[in-house]
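What follows is calculated from the coordinates using simple rules that are stated; it is not laboratory data. Fair warning: this is a prediction, and the values are worked out from it, not measured in the lab. With ideal geometry, Cβ positions are generated from the backbone for all residues, glycine too; neighbour counts draw on all protein chains shown.
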Amino acid sequence: MKKTEIKNTEAKEGKVAAGNLWLALSKWAKENNKLEAWERKFVFIVGRTVNKNGEMSEKQKPIAEKILAKAKEEGFEG
């Protein structure tokens, strides 16, 4: 494997891991009846977006950060 291929693979794996964080948050919130329904849906969409495109939009970032902070206050350990 070439160095560029390794870097691309590592970058992809990192993005997938980031997307999986948001999907895990969505699942945790649903299973534990945490967050509001729109927040659970939002983080699910963010997870899919990150897995597909590699990152969320600039408009999604501040909202996602607030929801993640709220979830951590409520016990999310992701």
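Could you pull out the trypsin sites (Lys or Arg not before Pro) across the stretch 16-78 that fall in loop regions by DSSP (anything but H, G, I, E, B) with no more than 14 other Cβ atoms inside 10 Å? Within the stretch 16-78, the qualifying trypsin sites (Lys or Arg not before Pro) (loop, at most 14 other Cβ atoms within 10 Å) are K59. Per-residue 3J(HN,Hα) values for the stretch 48-62, derived from phi via the Karplus relation 6.51 cos²θ - 1.76 cosθ + 1.60 with θ = phi - 60°, read 5, 4, 5, 5, 7, 9, x, 6, 8, 6, 5, 6, 6, 4, x Hz in sequence order (x marks Gly and Pro). Between E55 and N33, the FRET efficiency estimated from the beta carbon spacing at R0 = 25 angstrom works out to 0.30.
With a sphere of radius 15 Å drawn around the Cβ of K34, what net charge do the other residues whose Cβ falls strictly inside it have (Lys, Arg +1; Asp, Glu -1)? Here the count lands on +1.
Here the Karplus relation 6.51 cos²θ - 1.76 cosθ + 1.60, evaluated at θ = phi - 60°, turns the backbone of the stretch 32-47 into coupling constants of 9, 6, 10, 6, 7, 4, 5, 5, 4, 5, 4, 5, 5, 5, 4, x Hz, with x for every Gly and Pro.
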